[in-house]
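The values are calculated or read from the model by the stated rules, or taken from the named source; none is laboratory data. Nothing here was measured: the structure is a model prediction, and the numbers come from that model. Counting neighbours? That spans all protein chains shown, and the Cβs are built from the backbone with ideal geometry, glycine included.
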Amino acid sequence: MSSATLTVGFIPLVDAAPLIVAHELGFAEEEGFSLALQAAPSWATLRDMLAMGQIEAAHMLAPIPVAMALGLSGPATRIDILQVLSVNGNAIGVSRDLAAKMRAQGYEFDFADAAAAGRALIAVAPSRLRIGMPFPFSMHAELLYHWLGALGLSAPADLDIRTVPPQLMAEAMAEGEIDAFCVGAPWGSIAVETEVGELLLPGTAIRAFSPEKVLAVRHDWTEAEPDLTARLMRATWRAGRWLSRPENRMSAAEILAQPGYLDMPAEIIERSLTGSLVISQRGEMRRAPGYLEFFEGAATYPWASQAALIATRLAARNGLDRKAAADAARRLCRTDLYGSVRQGGVISQMA
């Protein structure tokens, strides 16, 4: 087994954990390679780093490779989805001003009823709600458009969408640039900790099982490096399985809390791993089962049907042929590699 170093890009989020844990706990080393993890400031930067060959792999928003294949985002480079890194993990938050208005109208922030939460928000929102999301082609966008569209808004036409990197979301709310947000863990909790916002809903209240981040590589790299591809898949799969065990959550939080990764108190990160979230400055707690998954429910499988659904929605909003878009998206999901890795014992022998 040859030794190699793979440079992998990530955004500082809890759902980058499979790659971070694969490095920190030696799963990559046990597979005969090392990981050089490189943080990126934004999803657009990370997308371009991968497309231009500056990195070998990336922690990537699930819709980005699909949008690239449809010619909607970034370079015309085919990006393969090797496996899913995480499912769910997003939170919708509102400014303290909007939260106070919603409470004054009798809304109790139950953190579960998406329809009631949406109606309460729409009732007190400005005429054109300013919503922050990390990237236009993201599950954040899909969740928001589905949720608010079902309640009568023409999404995104009736919204003022602001693209804000996750790590800057609380700051954007503090500066009055946005009224609400949808963002990945732990940055919603940071808005609560810094007393600029309150959490309204977990993403799971809108969609129970939503592929969030994927392990993405260039197609030409996959074809040129089949052995390294399999080893990378195996290491991240093993890390996801380790993360799924409740007894490992505090250790995982402490790993992610390090300055090179999220650089924040481990206790805040642990909330996301357990799904027990503080939603307001009052210290109110809410439990969100399945808030963030790395392994359970076949979470790692690169479902072609999920990619096709994303593609169909993107095509509908951008005037593209829906069937052609769905077919293009299915081809990105390397279920063949995932299946061959399992059949070859690369993953199943670790079960």
Failed criterion for GLU267 (all others in (1) assigned by TED's automatic domain parsing to the domain that holds MET68; (2) closer than 30 Å to ALA114 by Cα hold)
(1)
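Yes or no, residue by residue, for (1) within 19 Å of PRO202 (Cα to Cα); (2) buried (at least 18 other Cβ atoms within 10 Å of the Cβ):
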{"site": "PRO226", "(1), (2)": "no, no"}
{"site": "ARG231", "(1), (2)": "no, yes"}
{"site": "GLY240", "(1), (2)": "no, yes"}
{"site": "GLN258", "(1), (2)": "no, no"}
{"site": "TYR261", "(1), (2)": "no, yes"}
{"site": "ILE269", "(1), (2)": "yes, yes"}
{"site": "SER276", "(1), (2)": "yes, no"}
{"site": "GLY283", "(1), (2)": "yes, no"}
{"site": "ARG286", "(1), (2)": "yes, yes"}
Just to confirm my filter: which helices (runs of 4 or more DSSP H) fall fully inside region 128-202 and include at least 2 residues that are closer than 14 Å to VAL94 by Cβ and of a type in the set (Gly, Ala, Ser)?
169-174, 187-193
Taking region 124-143, which residues are more than 22 Å from PRO186 (Cβ to Cβ), touching a strand residue (DSSP E or B) at 6+ places or on another chain (Cβ under 7 Å) and polar (S, T, N, Q)?
none
Mind counting the residues in region 5-48 that are part of a helix (DSSP H, G or I), within 14 Å of the chain's Cα centre (by Cα) and of a type in the set (Phe, Trp, Tyr)?
1
Going residue by residue through region 51-63, is there one that turns out to be part of a loop (DSSP other than H, G, I, E, B), surrounded by 19 or more Cβ atoms within 10 Å (Cβ to Cβ) and among the aliphatic types (A, V, I, L, M)?
yes
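Every residue, every condition in (1) closer than 26 Å to ARG282 by Cβ; (2) in contact with a helix residue (DSSP H, G or I) (Cβ under 7 Å, 6 or more places away or on another chain), yes or no:
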{"residue": "TYR107", "(1), (2)": "yes, yes"}
{"residue": "ASP110", "(1), (2)": "yes, no"}
{"residue": "ALA115", "(1), (2)": "yes, no"}
{"residue": "ILE122", "(1), (2)": "yes, no"}
{"residue": "PRO126", "(1), (2)": "yes, no"}
{"residue": "ILE131", "(1), (2)": "yes, yes"}
{"residue": "PRO136", "(1), (2)": "no, no"}
{"residue": "LEU144", "(1), (2)": "yes, no"}
Here is a list: LEU262, LEU215. Which entry is modelled with pLDDT of 95 or more, in a loop (DSSP other than H, G, I, E, B) and either under 19 Å from ALA299 (Cβ atoms) or within 20 Å of the chain's Cα centre (by Cα) (or both)?
LEU262
Among residues of region 92-115 being under 30 Å from ALA44 (Cα atoms) and not aliphatic (A, V, I, L, M), the residue surrounded by the fewest Cβ atoms within 10 Å (Cβ to Cβ) is ARG96
Output the qualifying pairs, or none if there are none: Cβ atoms under 7 angstrom, residues six or more apart or on different chains, first residue in region 3-21 and surrounded by 24 or more Cβ atoms within 10 Å (Cβ to Cβ), second residue modelled with pLDDT of 95 or more and of a type in the set (Ser, Thr, Tyr).
VAL14/SER272; ASP15/SER86; PRO18/THR236; LEU19/THR236; ILE20/TYR261
Have a look at ARG271, ARG245 and point out the one that is more than 27 Å from ASP80 (Cα to Cα), without any contact (Cβ under 8 Å) to a residue 60 or more places away in the chain and among the charged types (D, E, K, R).
ARG245
Residues of region 22-50 being surrounded by fewer than 19 Cβ atoms within 10 Å (Cβ to Cβ), within 30 Å of ALA328 (Cα to Cα) and touching a residue at least 24 places away in the same chain (Cβ under 8 Å), in sequence order, are GLN38, ALA39, PRO41, SER42, ALA44, ASP48, MET49
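Conditions (1) free of Cβ contacts under 8 Å to residues at least 40 places away in the same chain; (2) assigned by TED's automatic domain parsing to the domain that holds PRO156, marked per residue:
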position	(1), (2)
SER251	yes, no
GLU284	no, yes
ALA299	no, no
ALA308	yes, no
GLY319	yes, no
ALA324	yes, no
ARG330	yes, no
Return yes or no: is GLY89 surrounded by fewer than 21 Cβ atoms within 10 Å (Cβ to Cβ) and at positive phi?
no
